[in-house]
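Enquirer: Mind looking over this structure? Questions follow.
The values are calculated or read from the model by the stated rules, or taken from the named source; none is laboratory data. Everything quoted here is computed from the prediction, not taken from an experiment. Neighbour counts are summed over all protein chains in view; Cβ atoms, including those assigned to glycine, are modelled from backbone coordinates with ideal geometry.
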Amino acid sequence: MDNIKTIAVNKKAYHDYHILESYEAGVALKGSEIKSIRLGRVNIKDAYAKPEGSELWLYNSHIAAYQAGGFDSHEPGRRRKLLMHRNQIAELAAVVSQKGLTLVPLRVYIKNGIAKLEIGVGRGKKQYDKRDAIARRDTERELERALKTGRRKAH
């Protein structure tokens, strides 16, 4: 039984990208970073992952400094190494080398006491795709409202 607690979700990623596939990666952290993550002080909105050689790195993520950390606290915006199997990293590097694909962090969660990052292979959406998704979501909301008010009148 996996004990999973979601800490942060990157809603912007689902708005800006078509997510084709997702992977789970561990994150190499310092002690003060995991404490900040457990407090929910993490932001992955503008973050991205990039393969370099045989390693995978997370850039532009922000883990706030731990308040009770003292002098040996971490740098909030530093790059962080993502931990995955070597063959998975090679597969992701090959996928990202294709035109228009990128690695986007989708969510940060704690699984059995260990911080994990779900990263997705995404293809950027065009502006008209974003408008279409917003319009579709609005019509679904209006339908839902109409159904709810219709049920109330029936009783």
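Enquirer: If you go through segment 93-143 one residue at a time, how many are of a type outside the set (A, V, I, L, M, F, W, C), in a helix (DSSP H, G or I) and either touching a residue at least 40 places away in the same chain (Cβ under 8 Å) or over 19 Å from residue 19 (Cβ atoms) (or both)? Spell out how you get there, then give the answer.
Expert: Going through segment 93-143, the residues of a type outside the set (A, V, I, L, M, F, W, C) turn out to be 97-100, 102, 105, 107, 109, 111-113, 116, 118, 120, 122-132, 136-142.
After this cut, where a residue has to be in a helix (DSSP H, G or I) as well, the list is 127-132, 136-142.
If we keep only those that are either touching a residue at least 40 places away in the same chain (Cβ under 8 Å) or over 19 Å from residue 19 (Cβ atoms) (or both) as well, we get 129-130, 138-142.
Total meeting the criteria: 7.
Enquirer: Of these, 94, 90, which one is hydrophobic (A, V, I, L, M, F, W, C) and either farther than 30 Å from residue 127 by Cα or surrounded by 13 or more Cβ atoms within 10 Å (Cβ to Cβ) (or both)? Can you show your working first?
Expert: Working: 94 fails: either farther than 30 Å from residue 127 by Cα or surrounded by 13 or more Cβ atoms within 10 Å (Cβ to Cβ) (or both).
Only one candidate passes the filter, namely 90.
Enquirer: Ok, one more. Filter segment 28-37 for residues that are among the hydrophobic types (A, V, I, L, M, F, W, C) and out of contact with any helix residue (DSSP H, G or I) (no Cβ under 8 Å at 6 or more places or on another chain); which is surrounded by the most Cβ atoms within 10 Å (Cβ to Cβ)? Give the derivation first.
Expert: Restricting attention to segment 28-37, the residues satisfying the condition of being among the hydrophobic types (A, V, I, L, M, F, W, C) are 28-29, 34, 37.
Retained after the next criterion (residues that are out of contact with any helix residue (DSSP H, G or I) (no Cβ under 8 Å at 6 or more places or on another chain)): 28, 34, 37.
Working: 28: 13, 34: 18, 37: 21.
Step by step, filter segment 28-37, then rank; the result is 37.
Enquirer: The conditions are (1) at pLDDT 85 or above; (2) over 21 Å from residue 102 (Cβ atoms); (3) among the basic types (Lys, Arg), and residue 30 fails exactly one of them. Which is it?
Expert: So residue 30 meets the others, but not (1).
Enquirer: Separate question: Scan segment 71-85 and give yes if some residue there is in contact (Cβ under 8 Å) with a residue 60 or more places away in the chain and either under 19 Å from residue 10 (Cβ atoms) or assigned by TED's automatic domain parsing to the domain that holds residue 15 (or both), otherwise no.
Expert: Going through segment 71-85, the residues in contact (Cβ under 8 Å) with a residue 60 or more places away in the chain turn out to be 84.
Checking which are either under 19 Å from residue 10 (Cβ atoms) or assigned by TED's automatic domain parsing to the domain that holds residue 15 (or both) leaves us with 84.
Among the residues of segment 71-85, at least one is in contact (Cβ under 8 Å) with a residue 60 or more places away in the chain and either under 19 Å from residue 10 (Cβ atoms) or assigned by TED's automatic domain parsing to the domain that holds residue 15 (or both), which makes the answer yes.
Enquirer: Tell me which of these residue 63 doesn't satisfy, since it passes every other one: (1) hydrophobic (A, V, I, L, M, F, W, C); (2) surrounded by fewer than 18 Cβ atoms within 10 Å (Cβ to Cβ); (3) at pLDDT below 85.
Expert: (2)
Enquirer: Mind telling me which of the residues 47, 25, 13 ends up being crowded, with 18+ Cβ neighbours inside 10 Å and modelled with pLDDT of 90 or more?
Expert: Numbers: 47 fails: modelled with pLDDT of 90 or more; 13 fails: modelled with pLDDT of 90 or more.
Going through 47, 25, 13 in turn, the sole match is 25.
Enquirer: Moving on. Say we look at segment 4-63 and pick out the residues that are touching a residue at least 40 places away in the same chain (Cβ under 8 Å) and among the polar types (S, T, N, Q); which of these is farthest from residue 107 (Cα to Cα)?
Expert: 32
Matching residues to (1) modelled with pLDDT of 85 or more; (2) surrounded by 19 or more Cβ atoms within 10 Å (Cβ to Cβ); (3) among the polar types (S, T, N, Q); (4) more than 20 Å from residue 102 (Cα to Cα):
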| residue | (1), (2), (3), (4) |
| --- | --- |
| 18 | yes, no, no, no |
| 39 | yes, no, no, yes |
| 52 | yes, no, no, no |
| 56 | yes, yes, no, no |
